[in-house]
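**Student:** Right, I'll just put the structure down here and ask away after.
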Amino acid sequence: MISFEHSIATAVAKTDAFSETEVLQLLSIPQETTHGNFSLPCFALAKKMRKAPKLIAEELATQIQLPKELSKVEPVNGYLNFFIDRSFLASSVLTEIQEEGLLYGHAKPNGKTVIIDFSSPNIGKELAFHHLRSTMIGNSLSRIYKASGYHVERINHLGDWGTAFGKLIVMYLRDGGSLEEEALEALTVKELNILYSAFSKASLENPELENEARVVFTKLEEGDSLYRKLWTAFKKATLKELNRIYKMMDVSFDHYTGESFFEDRIPAVLEELREKELLVKSQELDVVMLDEFDLPPCLIRKSDGSTLYATRDLAAALYRKKEFNFTKCLYVVDLGQSLHFKQVFHVLKKMGYDWHKNMHHIPFGVILQQTEEGKWEKGKTRSGKSNLLRDVIEAAGNKILAFIDEKNPDLENKKEIATQIGISALTFNDLKNRRTIDVKFDWDSALSFDGATGPYVQNAHVRLCSIMRKANYTAKISDADWGILTNDAAYELLKVLQRKSANIQKACETDEPSALAQYALEIAEAAHRFIHQDRVLGSPEEKSRLFLVQSTQVVLENVLTLLGLFPIRQM
Ligand code: ARG
C-alpha cells in the first residue's frame, strides 16, 4: 500500500529542515481542495531558523525533490501544500486492488491472538432484539481484527449455569413435564421461555419457589442425574434455535464454552485465591476486597457453596490465557456490566497477573424504541409487539420484500435477499454510530434506501455490480488508461479507495466498527457521484472507467463483509 504521507516525509527530511517523524506528526489534510492533498505547517521552524514561516516555506519548496507520486508542492502563507499526481494515484491504487482483490488493505498476519467474547446469551431464553448489539459488534470486530493481521478466537460464553436453571427445572417438573427422551428432544426454547415467565408469576404467589430453585441448582451443581438430564435438554433446545438465527445472520463461533464449561475449573481458582490470601469472609460470602481500587468487593462464593458469575469469569480468563496465550481479550458486553468487568480484571491484577492489562471490556449502549406517546425507551415496542430478535428480523425481511415486490417482482430468490437486506439494515443501524451511544431504532429510518442506512450502502454495491454485469467485462490492466481517471469525480473516489487500510486500522485500534460503517458511506457516496458524473457504459473511456467501477465494487464488497452486512449483488 502506498503511503503518500511517508513519501512526503522522506522527501522533506532530505532537506534537513524536519525529521521524517516530525513531518508525519505535522502533516494534515486541508479542508480546501485548492490547498492540495496534504499540508505541512512550517511555523515550528521559525525560531530555530530565525526566519518568517512564509519565507521558510518558499525556500523549502525550491529545495524539495518531488517523488513521482506527487505532482507539485506549493508554498502558501507558511504552509507547504502537496498535490498528489492523479494519474499515479489511479495506477497505484487500482493495480493494488487488482492484485489483492478482497484482501486489499488487509494487514499481513502478525502472529498475535485476540479473543473476542461476544453474543454470549443466557440459555433457556430466546434472543431478544437487544442481543443484536453484542452479536453484530462482536462479529464485525472479529472480522476487523482478522483483517488487521490477528488470529481471532470467537467465543460464545453462554450463560448456561446458575439459579435460572433451578427455576426452569422446578417449573418443568411442577407442570408435569415428560422425562421421555423423545419429549426432551422435541423441547423448544419457546416452551422454555413460557416456563420462565410462569416461574416468575408463580413465585410471586409462592415465594418458597425461589428457595426451591436454589436448592435444585445446588443439586445440579453436585451432579444430580435427573437435573443434569433436564439441563442438557434445555441447553440443546436453546442452542438449536440460537444456531438457526446465527446461521441466518452469518455469524459463527470457534467455541461455545459457556459458564458451565468452567465448573470443574472453579476449585482450582478458589484454591489459588486462598493461597494468595485474597479470599475474605464477608457476611457469609467469600469475597475479594477491592477497596484500594475504589471498587466494591468481588463476590466469589455464596454461603451454600455455590459460585457466581464473576468466579466463572475468573476461571474463564485463566483458561483462555493458558489455552490461547492471547495478546488481547475483548468482552463485547453492554455498558451495564462495566462494574463486573472492572472487578474481574482487578482481581486478576491482585492475583499477580500483569496480563490483566490486556483484558478489555468493549461496552455499548442500549437500543431505544419509541412508545405510543413518542418517548424513547429501552425494551419497549409500539403497541406491545414482540421484541424477540427473530420477530424483528422477520418483520424487517417482510417490509423489504414488500418493497421488492413493488419494484422488482421477478427478482430471483427474493425472499432470501429480502431477509439479508433486512438483517443488514438492522446491523448497519447498530454499527453506524460510536458503540457507546444508545441506538434510537425506528423502522422508517433503519430501512430507508436513502441516508446513512444499510440499504443505501448495499444499493451502491448493487449498482456497481449491475454496471459490470451489463458491460460483461472483466477489468484488465492492459486496457486501462490511467490518465482518463484524473477528473474530479474519479480522483475523489480514488482517494477514498486509497484509505481502506487506514480505516480498517482505525476501526481495529479503537474497537469501533462505526469507523468502517462511516467509511462504507463515504465509498457509496463517492461511487454514486462518479457514476452520475462520468458516463461509463458506451463511452469511449468505457474500459478505464469500468476498471474503477470494478475496483470500487471489490472494495465495497469487502467493507460490507467486514461490517457483517450481506454484499447483495441484485435487488
Ligand atoms: N450471559 C451474559 C448476559 O447475558 C453475558 C456474558 C458476557 N461474557 C462474559 N464473559 N461475562 O448478560
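The values are calculated or read from the model by the stated rules, or taken from the named source; none is laboratory data. Values in this document were obtained by computation on a predicted structure and should not be read as measured data. Glycine gets a Cβ as well: all are built from the backbone with ideal geometry, and neighbour counts include every protein chain shown. Ligands, DNA and RNA are excluded from the accessible area calculation, which covers all protein heavy atoms including side chains. Shrake-Rupley method; radii C 1.70, N 1.55, O 1.52, S 1.80 Å.
**Student:** Between Asn408 and Val76, 0.36 nm times their residue separation minus their Cα-Cα distance comes to what?
**Tutor:** Gain on stretching Asn408 to Val76: 114.1 nm.
**Student:** Still on this model: Using a Förster distance of 51 angstrom, determine the FRET efficiency expected from the C-beta separation of Arg434 and Ala186, and round it to 0.05.
**Tutor:** With R0 = 51 Å, the Cβ-Cβ based efficiency is 0.70.
**Student:** Related question: Which log10 I(q)/I(0) values, to two decimals, does region 176-268 give at q = 0.15, 0.17, 0.24, 0.25 Å⁻¹ under the Debye formula with one point per Cα?
**Tutor:** So the normalised log intensities are -0.79, -0.98, -1.34, -1.35.
**Student:** At a temperature of 37 °C and a viscosity of 0.692 mPa s, determine how fast region 491-571 diffuses translationally according to Stokes-Einstein, using the Kirkwood radius over alpha-carbon pairs as Rh; express D in µm²/s, rounded to the nearest whole number.
**Tutor:** Taking Rh from Cα pairs, D becomes 246 µm²/s.
**Student:** Taking the square root of 5 times each eigenvalue of the Cα gyration tensor, what semi-axes in Å does the equivalent ellipsoid of region 190-322 have, largest first?
**Tutor:** Computed over region 190-322, the values are 29, 23, 15 Å.
**Student:** Take the Cα coordinates of region 141-180, assign each an equal point scatterer, and use the Debye formula without solvent to give log10 I(q)/I(0) at q = 0.15, 0.18, 0.32 Å⁻¹.
**Tutor:** Debye output, listed in q order: -0.57, -0.62, -0.99.
**Student:** After finding the eigenvalues of the alpha carbon gyration tensor for the chain, what semi-axes result from the square roots of 5 times each, listed largest first in whole Å?
**Tutor:** After diagonalising the Cα gyration tensor, the semi-axes are 52, 32, 19 Å.
**Student:** Roughly what angle does helix 542-563 make with the longest principal axis of the chain, taking Cα atoms, 0 to 90 degrees, to the nearest 10?
**Tutor:** 30 degrees
**Student:** Return one number: the angle in degrees, 0 to 90 and rounded to the nearest 10, between the long axis of the Cα atoms of helix 225-249 and the longest principal axis of the Cα atoms of the chain.
**Tutor:** The answer is roughly 20 degrees.
**Student:** Tell me which lysines have Cα within less than 18 Å of Lys47's Cα, excluding those fewer than 8 residues away on the same chain?
**Tutor:** none
**Student:** How big is region 286-364 by the Kirkwood estimate over distinct Cα pairs, in Å?
**Tutor:** 13.0 Å
**Student:** Taking N as the number of residues in region 114-240, what is its alpha-carbon radius of gyration divided by 2.2 N^0.38 Å?
**Tutor:** 1.24
**Student:** Stretched out fully, how many nm does the piece from Glu292 to Asp264 gain, at 0.36 nm a residue minus the Cα gap?
**Tutor:** Answer, rounded to one decimal: 7.0 nm.
**Student:** Taking R0 as 35 Å, what FRET efficiency do you get between Glu22 and Lys322 from their Cβ-Cβ distance, rounded to the nearest 0.05?
**Tutor:** 0.20
**Student:** What do you get when you divide the Cα radius of gyration of region 259-332 by 2.2 N^0.38 Å, with N the number of residues?
**Tutor:** For region 259-332, the normalised Cα radius of gyration is 1.14.
**Student:** If the cut-off is 24 Å between C-alpha atoms, which lysines fall inside it for Lys235, apart from same-chain ones fewer than 8 positions away?
**Tutor:** Cross-link targets: Lys125, Lys167, Lys190, Lys201, Lys219, Lys247.
**Student:** With only alpha-carbon pairs counted, each pair once and no self-pairs, how large is the Kirkwood hydrodynamic radius of region 417-571 in angstroms?
**Tutor:** Radius from the Kirkwood sum: 16.0 Å.
**Student:** Could you give the Stokes-Einstein D for region 306-465 in µm² per second, using the C-alpha Kirkwood radius, 25 °C, 0.890 mPa s?
**Tutor:** Estimated via Stokes-Einstein, D reaches 131 µm²/s.
**Student:** With the crude spin-label approximation of a point 7 Å out along Cα→Cβ, what separation in nm comes out for Lys247 versus Glu59?
**Tutor:** It works out to 7.3 nm between the two label points.
**Student:** Continuing with this model, one more query. Which one of Val332, Gln283, Ser544 has its Cα pushed farthest toward the positive end of the charge dipole of the chain, where Lys and Arg give +1 and Asp and Glu give -1 at the Cβ?
**Tutor:** Value: Ser544.
**Student:** Dipole size in debye (nearest 20) for the chain around its Cα centre, Lys and Arg Cβ +1, Asp and Glu Cβ -1?
**Tutor:** Approximately 920 debye in magnitude.
**Student:** Continuing with this model, one more query. Excluding ligands and nucleic acids, what accessible area in Å² is computed for Lys350 using a 1.4 Å probe, to the nearest 10?
**Tutor:** 60 Å²
**Student:** Okay, next question. Of all the C-alpha pairs in region 393-454, what % are more than 14 Å from each other?
**Tutor:** Percentage above 14 Å: 55.
**Student:** Another question, then. Please work out the FRET efficiency for the pair Ala502 and Lys229, using the Cβ-Cβ distance as r and a Förster radius of 45 Å; give the result to the nearest 0.05.
**Tutor:** 0.25
**Student:** On each of the three principal axes of the Cα atoms of region 351-435, give max minus min coordinate, whole Å, ordered largest first.
**Tutor:** 64, 37, 21
**Student:** Kindly give the semi-axes, whole Å and largest first, of the ellipsoid equivalent to region 49-200, taking each as the square root of 5 times a Cα gyration tensor eigenvalue.
**Tutor:** Values for region 49-200, descending: 64, 19, 13 Å.
**Student:** Between Lys112 and Leu285, how many nm apart are label points set 7 Å from Cα along the C-beta direction?
**Tutor:** It works out to 3.6 nm between the two label points.
**Student:** Pairing the Cα long axis of helix 389-407 with the longest principal axis of the chain, what angle in degrees results, from 0 to 90 and rounded to the nearest 10?
**Tutor:** 40 degrees
**Student:** Mind pulling the per residue volume of the convex hull built on the Cα atoms of region 428-516? Å³ is fine.
**Tutor:** Expressed per residue, the convex hull around the Cα atoms of region 428-516 is 128 Å³.
**Student:** Another question, if that's okay. From the mean inverse distance of alpha carbon pairs (Kirkwood) and the Cα radius of gyration, derive Rg over Rh for region 1-79.
**Tutor:** So for region 1-79, dividing Rg by the Kirkwood Rh gives 0.93.
**Student:** With each label point set 7 Å from Cα along the Cα-Cβ vector, what nm distance links Glu99 and Asn387?
**Tutor:** Going by the 7 Å Cα→Cβ label model, 5.2 nm.
**Student:** Moving on. On a full-extension model of 0.36 nm per residue, what is the gain between Lys236 and Glu509, subtracting their alpha-carbon distance, rounded to one decimal in nm?
**Tutor:** Extra length available between Lys236 and Glu509 comes to 94.6 nm.
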